[in-house]
Amino acid sequence: MRAARILAGRGVGGVPRHALQGTSRLATPSRRGLASPSLSAATQRFLDDAGCTVPIIKGPMYPGSNPELVAAVSAAGGLGVVQPISLTHLYGHDFREGLRLIKRLTDKPFGVNFTILENKKYKKQMDEWMHVAAEEGVKFFLTSLGKPDRIVAFAKPRGIKIYHDVHTPRVAEKVAASGVDGLICLNDAMGGQTGNRSAETFAEELRGIDLPLIQAGAVADGADLRRALALGYAGASVGTRFLATHEAQVTQSYKDAIVTASGDHIVWTNKLAGTNSSVIKTDQVATGGLRVNAVVAWLLRNRYTKTLTRTLMLKQAMETYKRAAFDDQVEIWQAGKGVDRIESIESCADVVEGFRKGLM
Ligand SMILES: Cc1cc2nc3c(=O)[nH]c(=O)nc-3n(C[C@H](O)[C@H](O)[C@H](O)COP(=O)(O)O)c2cc1C
């Protein structure tokens, strides 16, 4: 792929700041509820857990979980999910104030993501955020990595639902046994840190698990959502499609690249975060190849060095992604294969309405 092709339609740059930034509430769609008798019991369970009317989560994103985006998705009938480090480190909000801003923008429920890391300092921060989220009335946690047991113990008595990211059947079985309410099933077509199997294979492998399963990866329009439900998923976690919206606070060139790219332009690289990230292949991504060199590969494999190497790489990647969110010159854009179906930058209300129509 030539970066020039991706960049052909680039705009002037800068972060669009649309009329959502005030404190006025977002409009909610007049026609509420799907009320479709054809929805599965698992989908109904997910809708009840999430308190939304369209079985769509706007997945946590770094970059891309600014409060205006989260609120707009929830207001439209999906479930917006906050990524706390995105909210604080990237978009500069105090965590509690960021949640309060979302509540001023919509009275609809939204969720918060907690990445479970062993790092002591981060763990303390996460515990603090969990308490704040509960105090602010958040009723849906989306957890990633690690064992969710401790969060389950915190959330259950407070009536908070927990859906955990899984990428293999083995992890899915273990996590299901820990008492979570649903599983976010990461597949090999998603944007960001990717899964490693197709949506079809994963659905088949998880058939025995009696929890709502959410497809994460390559759901970008109503037809995709319909296919996901036909495979047995209860709903979908959507990232890439929501980056190319008016409400997402990333550069215009990032949004344009998502609109311009096709699935062939999406590649995996482990050079950014040490594990596979799904990104748009630009010159900046391709320079020097897509894989780490032999020394770093060894450090990532070695039992004594792998955790530290991953942590350092992840930290560096987060700085790169932060720059990519605001600086048009940084063309490191995480995105998934759903770019094939993304043809314009739209409002979240229109995107969610497209998903809703896909179910009719
Ligand atoms: C730019 C970007 C950043 C992401 N960051 C995170 C993250 O910080 N934590 C997380 O659990 N998932 C993250 N994801 C995954 C999304 O929450 C979602 O599951 C995924 O994007 C769905 O696949 P799609 O991009 O094909 O729609 C990210 C995805 C993208 C595209």
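Read-outs throughout are calculated quantities, based only on the coordinates presented, and are distinct from any laboratory measurement. Note that this is a predicted model, so its numbers are computed, not measured. Because the Cβ atoms are built from the backbone with ideal geometry, glycine has one as well, and the counts that use them run over all protein chains shown.
Worth pointing out:
- Convex hull (Cα only) mean projected area of the chain, reported in nm² to one decimal: 16.7 nm²
- DSSP-assigned coil residues among chymotrypsin sites (Phe, Trp or Tyr not before Pro) in region 294-360, each with at most 10 further Cβ atoms within 10 Å: 304
- Residue 110 long-range amide H proximity, modeled H, under 5 Å: 139
- With each label modelled as a point 7 angstrom along the Cα→C-beta vector, the residue 267-residue 100 pair spans 4.6 nm.
- Estimated distance in nm for a label pair at residue 306 and residue 174, the labels positioned 7 Å out from Cα along Cα-to-Cβ: 1.2 nm
- Dipole magnitude for the chain: about 680 debye, using +1 per Lys or Arg Cβ and -1 per Asp or Glu Cβ, origin at the Cα centre.
- Between residue 158 and residue 231, the modelled labels are 3.2 nm apart [label points 7 Å from Cα along Cα→Cβ].
- Of the complete DSSP H runs in the chain, those spanning 27 angstrom or more by Cα along the long axis with a mean Kyte-Doolittle score not below -1.0 are 306-326.
- Count of lysine pairs in region 136-199 with Cα separation under 16 Å (8 or more residues apart, or interchain): 5
- Applying the criteria of a DSSP loop state and at most 10 other Cβ atoms within 10 Å to the trypsin sites (Lys or Arg not before Pro) of region 298-360 yields 303.
- Taking a sphere under 13 Å around the Cβ of residue 100 and counting the other residues whose Cβ falls inside, with K and R at +1 and D and E at -1, yields a net charge of -2.
- Share of alpha-carbon pairs per 5 Å distance bin for region 156-276, given as whole %: 2, 11, 19, 20, 19, 14, 10, 4, 1, 0
- The calculated FRET efficiency for the pair residue 223 and residue 121, based on their C-beta separation and a Förster distance of 45 Å, comes to about 0.50.
- Percent of alpha-carbon pairs separated by more than 14 Å within region 318-360: 65 percent
- Cα Rg, Dmax, region 40-87, angstrom units: 11.3, 34
- ³J(HN,Hα) computed for each position of region 193-201 - Karplus, 6.51 cos²θ - 1.76 cosθ + 1.60, integer Hz, glycine/proline x: 5, 8, x, 10, 9, 6, 4, 5, 4
- When the alpha-carbon atoms of region 252-326 are used, the pair Rg, Dmax equals 13.7, 42 angstrom.
- Note on region 26-151: the alpha carbon radius of gyration divided by the globular reference 2.2 N^0.38 Å gives 1.07.
- Candidate cross-link partners of residue 337 among the lysines, defined by an alpha-carbon separation under 23 Å and a same-chain spacing of 8 or more, comprise 58, 255, 271, 281, 322, 357.
- Computed FRET value (nearest 0.05) for residue 297 with residue 320, which takes r as the C-beta separation and R₀ as 22 Å: 0.65
- Which of 328, 165, 256 has the fewest Cβ neighbours within 10 Å, and the rest in rising order: 328, 256, 165
- Summed side-chain charge close to residue 168 - residues other than residue 168 whose Cβ falls under 14 Å, Lys, Arg +1, Asp, Glu -1: -2
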